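The next block holds one structure in the form of structure tokens; read it before the comments.
The values are calculated or read from the model by the stated rules, or taken from the named source; none is laboratory data. Only a predicted model underlies this, so the values are computations on that prediction, with no experimental measurement involved. Cβ sites come from the backbone with ideal geometry, for glycine too, and all protein chains shown count toward neighbours. Heads up: the accessible areas ignore ligands, DNA and RNA and are worked out on the full protein's heavy atoms, side chains in. Shrake-Rupley method; radii C 1.70, N 1.55, O 1.52, S 1.80 Å.
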Amino acid sequence: MYVLNKITDEKQAATITKIDAAEISQINKTKRFDFNWNREKAFHVYKLTVEDKEEPIGLLSMEERTKDYALEIRLLAVSKENIGQSQKFGRIAGCLIAFVCKESFKRGFEGYVCLKPKTKLELHYIQQYGLQSTGIYLITEGENSLKLIQEYYENEQERN
């Protein structure tokens, strides 16, 4: 998995790791991310970091919806310095979405992932990541989820 350094145009290795309540509290204090992440402590929260750095550039909260055979992305955020034209890194949201798709397959949910778009990003999610609207949720599953995993999650060595 990699993010793209928009300044140097270089690919930089990235990792996603689960974080605990204490780390969520510390990250929330930095004000680098939208949303109150302390509200997500009861769910699975992950951070995306660039190789050799502990500071997250992306955050994700997800919930297993066993009855629906799906994973729900509750919150997804890119750090404020990586939003808009002056962003340092690209591909952050794509890496996080692909991670959830991969987790969905691991849990036997066939790549089913849903999210409720809370912002004007709904059209972006549809165009950029191939998500489909159900009216309330945006979803991805099966073939599209596999495509996202291949695009954002696979290591360069696996692709060559």
For the chain, what relative contact order do you get, as a whole percent, if you take Cα pairs closer than 8 Å and at least 6 residues apart?
20 percent
Take the alpha carbon atoms of the range 3-26, find their center, do the same for the range 72-116, and report the distance between the two centers in whole angstrom.
12 Å
Looking at the range 91-160, which trypsin sites (Lys or Arg not before Pro) are DSSP coil and have at most 14 other C-beta atoms within 10 Å of their C-beta?
107, 118, 120
Let me spell out the model: positive unit charges on the Cβ of Lys and Arg, negative unit charges on the Cβ of Asp and Glu, origin at the Cα centre of the chain. What dipole size does that give, in debye rounded to 20?
560 debye
Keeping all protein chains in the complex and leaving out DNA, RNA and ligands, what accessible area do you get for residue 68 with a 1.4 Å probe, in Å² to the nearest 10?
80 Å²
Whole-number percent relative contact order across the range 86-160, with pairs defined as alpha carbons under 8 Å at least 6 apart
36 percent
Using only the heavy atoms of the protein chains and a 1.4 Å probe, how would 57, 126, 83, 136 rank by accessible area, largest first?
136, 83, 126, 57
Have a look at 121, 148, 131 and tell me which one the Gaussian network model of the chain (Cα, springs below 10 Å) gives the largest fluctuation.
121
Tell me which residues come under 5 Å, amide H to amide H, from residue 74 once H is placed; ignore anything under 5 positions away on its chain.
61, 62, 63
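With a 1.4 Å probe and all protein chains left in place, how much of the accessible area of the range 1-69 comes from carbon and sulfur atoms, in whole percent?
Working: 1950 of 4200 Å².
With neighbouring chains kept in place, the figure for the range 1-69 is 46 percent.
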Which of 83, 148, 36, positive extreme of dipole for the chain (C-beta unit charges)
36
Write down the accessible area per residue of the range 39-129 in Å², having rolled a 1.4 Å probe over the full set of protein chains.
53 Å²
Cα-Cα separations in the range 41-160 greater than 22 Å, expressed as whole percent
31 percent
